[in-house]
1. Within the stretch 97-113, is there a residue that is assigned to a loop (DSSP other than H, G, I, E, B) and within 19 Å of Asn45 (Cβ to Cβ)?
2. Taking the condition of being in a helix (DSSP H, G or I) and either open to solvent by less than 40 Å² (accessible area, probe 1.4 Å) or more than 19 Å from Leu237 (Cβ to Cβ) (or both), how many residues in the stretch 197-213 meet it?
3. Enumerate the pairs (first residue in the stretch 394-423 and assigned by the TED database to the domain that holds Ser381; second residue anywhere and of a type in the set (Phe, Trp, Tyr) and outside any helix (DSSP H, G or I)) with beta-carbon separation below 6 Å, excluding pairs fewer than 6 apart on the same chain, so at least 6 apart or on different chains.
4. May I ask you to verify whether Ala425 is more than 34 Å from the chain's Cα centre (by Cα) and within 20 Å of Val343 (Cβ to Cβ)?
5. Name every residue in the stretch 376-408 that is within 26 Å of the chain's Cα centre (by Cα) and open to solvent by 10 Å² or more (accessible area, probe 1.4 Å), in order of residue number.
6. If I ask for residues that are in contact with a Lys or Arg (Cβ under 6 Å, 6 or more places away or on another chain) and either open to solvent by 30 Å² or more (accessible area, probe 1.4 Å) or acidic (Asp, Glu) (or both), which ones from the stretch 246-300 would you list?
Amino acid sequence: MPQYQELPCGGQVLDIDTALKDGILGAALEPGDAAAGDAGKQPVNLRKMMDELDAAGDGGGDEAVPAVFICPISLEPMVDPVTLCTGQTYERGNISRWLALGHRTCPTTMQELWDDALTPNATLRQLIAAWFSRRYTRFKKRSADFHGRAADLVHGLRGTAVPRRQPLKGQARVAALRELRTLATTHQSVTKAIAEAGGVALLTSLLGPFTSHAVGTEAVAILVCGVPLDADAKSALMQPAKVSLVVDMLNEGVADTKINCVRLIRILMDERGFRPETVASLSLLVGVMRLIRDKRHPDGVVAGLELLNSICAVHRPARSMIVSIGAVPQLVELLPELATECVEPALDILDALSAVSEGRVALKDCPRTIPNAVRLLMRVSEACTRRALSMLWTVCRMAPEECAPAAVEAGLAAKLLLVIQSGCAPELKQKASELLKLCRLNYTDTLFISKCKLTRTIQ
């Protein structure tokens, strides 16, 4: 059981020496682990160590970080622990800020401080350093093991293992690829080991006309994990036959496969030698729209919108194709349900599609264009307000007698007045003023003024 020392003020503090002896702060050190006394021989940057473990998702490994290492203010492990007169220990920076705000109480016990001196807790700091050093040493050792295992898997798949054997085939190949994918997704540094072992060329070659769906799925999943792709690999992946295979997987695979296929195509589109006509495929566009509409997978919605936005930007002829598959009403209908980070790319796509005549007609004909666009004004960001205003301007100019009254009924007039009176950019205010004039010309003055007042009162 933990041993506590009683304080004169009535509080308690953990007896560190007893806790260490009893193993309360974690399992005993194993051979090869860093010990507390090693810190003097080989200084370790504790904060850097914590940050690296946290970035790798291995802050405590299989063990939870001991509660006595956690600062009660930030709920983060301490690097420079100091103790108050009440016996409570805090991270120096956190408690210093607390005192600088004029507080004269202990944040944990709320006891008044009879002394505001901060006493360094060297013993606790040594224990924290020892505990995290042990985790860090094991983490580095596991990382080295993972790199070696990843290289072995690549050599086994290529047939370059020692002793030399035939490349893995059938279910053995799928199992090896699946393990390689797990390593790559769990440990980012493994991707470099995969590339150094010749894994990029291997994965590229696996995306061929006779590739099974299982093999192709795993190969694509590994390629989008951050494996560094050289120029030759990117050139090979941009071949129409390989892109066609990826598109087939996009339309036939499960959700994760669809997302990975979209991400791979998006990566390839950033390359200088990418041919825009490669993405001018109805099959690809339909698959992307299906992914965007599947609200069960937010990552897929984000990835799909990013790809569709890129296609609109780099290949103007594809815009008419996107309109032809019904993308405009589908995106408009989705606007109120999209996460905040997805609204802007969706509006960017609709803005790009409105540059073609078919897109403008589709916007005008969609019954939700006006109410959904009006709702977005002054809601998400200035960029979203600009795009929504552009959509409304497009449809109201196309059919002012039909669309302008509908826009006013949806509350546009009051929203435009908000834009004009806000701190938005001057060109945005000018556009709002012009749209307001257009609406007023197609609405009776009395009804227009009353609608503005009524809408503003409701809002």
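The values are calculated or read from the model by the stated rules, or taken from the named source; none is laboratory data. Note that this is a predicted model, so its numbers are computed, not measured. Cβ sites come from the backbone with ideal geometry, for glycine too, and all protein chains shown count toward neighbours. For the accessible areas, the whole protein counts, side chains as well, though only heavy atoms, and no ligand, DNA or RNA atoms are used. Shrake-Rupley method; radii C 1.70, N 1.55, O 1.52, S 1.80 Å.
1. no
2. So the answer is 6.
3. Filtered contacts from the stretch 394-423: Pro405/Tyr443; Val408/Tyr443.
4. no
5. Across the stretch 376-408, the qualifying residues are Leu376, Met378, Arg379, Val380, Ser381, Glu382, Ala383, Arg386, Arg387.
6. Of everything in the stretch 246-300, just one residue is in contact with a Lys or Arg (Cβ under 6 Å, 6 or more places away or on another chain) and either open to solvent by 30 Å² or more (accessible area, probe 1.4 Å) or acidic (Asp, Glu) (or both), namely Glu271.
Every residue, every condition in (1) within 22 Å of Asp256 (Cβ to Cβ); (2) touching a helix residue (DSSP H, G or I) at 6+ places or on another chain (Cβ under 8 Å); (3) in a loop (DSSP other than H, G, I, E, B); (4) without any contact (Cβ under 8 Å) to a residue 60 or more places away in the chain, yes or no:
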residue: Ala151; (1), (2), (3), (4): no, yes, no, yes
residue: Arg173; (1), (2), (3), (4): yes, yes, no, yes
residue: Arg181; (1), (2), (3), (4): yes, yes, no, yes
residue: Val220; (1), (2), (3), (4): yes, yes, no, yes
residue: Leu229; (1), (2), (3), (4): yes, yes, yes, yes
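One line per residue, one yes/no per condition, for (1) surrounded by fewer than 13 Cβ atoms within 10 Å (Cβ to Cβ); (2) modelled with pLDDT of 90 or more:
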position: Glu30; (1), (2): yes, no
position: Ala34; (1), (2): no, no
position: Gln42; (1), (2): yes, no
position: Glu52; (1), (2): no, no
position: Gly61; (1), (2): no, no
position: Pro66; (1), (2): no, no
position: Leu84; (1), (2): no, yes
position: Asn94; (1), (2): no, yes
